[in-house]
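The structure follows.
All of the numbers you see were taken from the coordinates with simple rules; none came from a lab. Computed from a prediction, not measured in an experiment: that's the story for all the values here. Note: ideal-geometry Cβ built from the backbone for every residue, glycine included; neighbour counts use all protein chains shown.
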Amino acid sequence: MQPSQLDELRALIVKHVVQSGAPLAAMPNVLLGYEADPTPPCVHVAEPLFSVIAQGTKQIEIGDRTFVYGPGQGMSVSIELPMNTFVLDGRRDAPFLGFALLLDAEAIASLLLEHGSRLVPAPAESSVLVSDVPDLLADSIIRLLRLLDSPADIPVLGPAMEREILWRLLGSPQGGALRQLGLADSHAARIGRALQWLRARYAEPVRIETLAEAAGMSETSFHRHFRQITEMTPVQYQKQLRLHAARARLMATAQSVDQIAFSVGYDSPSQFSREYRRQYGRSPGRDGRALRSAEASQQPVP
C-alpha cells in the first residue's frame with residue numbers, strides 16, 4: 001500500500017466511522033474501527049473477515065500464537081475463531097483506524113467456480129494470516145469507501161466492488177486460506193462443520209471421535225488439521241467458547257457465578273473461576289459487575 005493510499009484510507013475512515021467495530025448501515029459487510037486510546041484485551045469469536053490497519057497497531061492472540069500488525073498490513077481470518085484482540089497504541093492525536101470486510105463464503109465459491117482457473121495455486125498455510133496489502137487491493141478498498149460519499153450509488157456499485165475486493169484477496173498472499181472458505185469439501189470446510197457442532201453443544205462433554213465424524217475425517221487427520229486451521233486443540237477451542245458464553249451471561253443476567261459455571265459446562269465452579277481470571281484478568285464476579293456498569297453507562301466494554 002502506497003503512502004498516498006494510506007492517507008486517503010485514514011481520511012475516509014475518520015469521515016465515515018459511526019460506531020467503532022459496528023457494521024455500516026449502508027454496507028452491512030463493512031466495519032470501520034476508531035480507537036482514541038489503547039484498548040484492554042477483548043475476547044470474542046471472530047467471523048471470517050479481512051481487516052486492514054490504516055493507523056495504529058493491533059495485537060491478536062489465537063491459541064498459542066500472537067499476531068501484531070500495523071499500517072498498510074492486512075489480516076485474514078478464514079474460519080470462526082475465539083481470539084483475544086487489543087489496540088496497542090491508539091491516541092487522541094493519532095487514533096487507531098481500521099477497515100474490515102466480512103467474508104462471504106458463497107461469493108468466494110462463485111468466484112472460484114467462474115474464474116478459479118486464473119488463480120496461481122497457493123498453499124493454505126493457516127486460517128489466520130498477516131501480510132502487506134498490495135496496491136491493487138488497497139485501491140479496491142478505497143474505491144468502495146468512496147461510495148459512502150454517494151449513497152445512491154451503493155446498491156448498484158457496492159456489491160460489485162466487494163466482489164472485486166474478494167477477487168484481489170484470492171490472488172494475494174492470503175488467498176490460499178480464503179480459497180478453502182469457498183470449497184465445500186476442503187479441510188477448512190470439514191473442520192468448520194466440527195466447529196459448528198462444538199458451538200451448538202459447547203456445554204456438553206466433547207468426544208474427539210464425534211467431532212471427527214462430524215468432519216468426515218479420521219481422528220488422526222482431524223487432530224492434525226484442527227490444530228493447523230484453528231491454532232488450538234478441540235478442548236482449547238471449547239474452553240474459549242465456554243468462557244465467552246459465560247462472560248456474556250455475566251453481563252446480561254443476575255445468575256450467580258456458580259450457576260453460570262454449571263450452565264456453560266463446568267463441573268467445578270472453582271476451576272471455572274481460575275480459568276476465567278486467567279483469561280480476562282479478574283474474577284467472574286468482579287468482571288460481571290464491571291461489564292454491567294459499563295453497559296449501564298454506555299461505555300465501551302473491555
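Using 0.36 nm times the number of residues separating Gln19 and Val235, minus their current alpha carbon distance, what extension gain do you get?
Working it through step by step, the gained length comes to 74.3 nm.
Could you give the length gained on full extension between Ala203 and Ala248, defined as 0.36 nm per residue of separation minus the Cα-Cα distance, in nm?
Answer, rounded to one decimal: 14.8 nm.
Looking at the chain as a GNM with Cα springs under 10 Å, which of Gly171, Gly21, Gly285 has the largest mean-square fluctuation?
Gly285
Can you work out the FRET efficiency for the pair Thr66 and Ser283, with r the C-beta to C-beta distance and R0 = 22 Å, to the nearest 0.05?
Efficiency for this residue pair is about 0.30.
Can you find, among Ile141, Pro205, Ala46, the residue farthest towards the positive end of the dipole of the chain? Put +1 on the C-beta of Lys and Arg, -1 on that of Asp and Glu.
The listed residue farthest towards the positive side: Pro205.
Just report the Cα centroid separation between the range 212-281 and the range 9-40, whole Å.
A separation of 30 Å, based on Cα centres.
Note the full-extension length gain between Arg10 and Ser263 as 0.36 nm times their separation in residues minus their Cα-Cα distance, in nm to one decimal.
The span from Arg10 to Ser263 would gain 86.7 nm if fully extended.
Moving to a separate point now. Treating each Cα of the range 216-263 as an identical point scatterer and ignoring solvent, apply the Debye formula and state log10 I(q)/I(0) at q = 0.25, 0.31 Å⁻¹.
For the range 216-263, the Cα-only Debye profile gives -0.83, -1.08.
Let me ask something else. Quick check: net charge around Glu162, other residues with Cβ under 13 Å of its Cβ, Lys/Arg +1 and Asp/Glu -1?
My count for the surroundings of Glu162 gives 0.
What list do you get for Ser273, Ser221, Ser140 if you sort them by fewest beta carbons within 10 Å?
By the 10 Å Cβ count, ascending, the order reads Ser221, Ser273, Ser140.
Taking only Cα atoms and a 10 Å spring cutoff, compute GNM fluctuations for the chain and point out the largest among Pro234, Pro48, Pro159.
Pro159
Label the chain by shape, choosing from rounded, prolate and oblate, from the square roots a ≥ b ≥ c of the eigenvalues of the Cα gyration tensor; if a/c is under 1.5 it is rounded, and otherwise prolate applies when a/b is larger than b/c, oblate when it is not.
Judged from the Cα gyration tensor, the chain comes out oblate (a/c at least 1.5, b/c at or above a/b).
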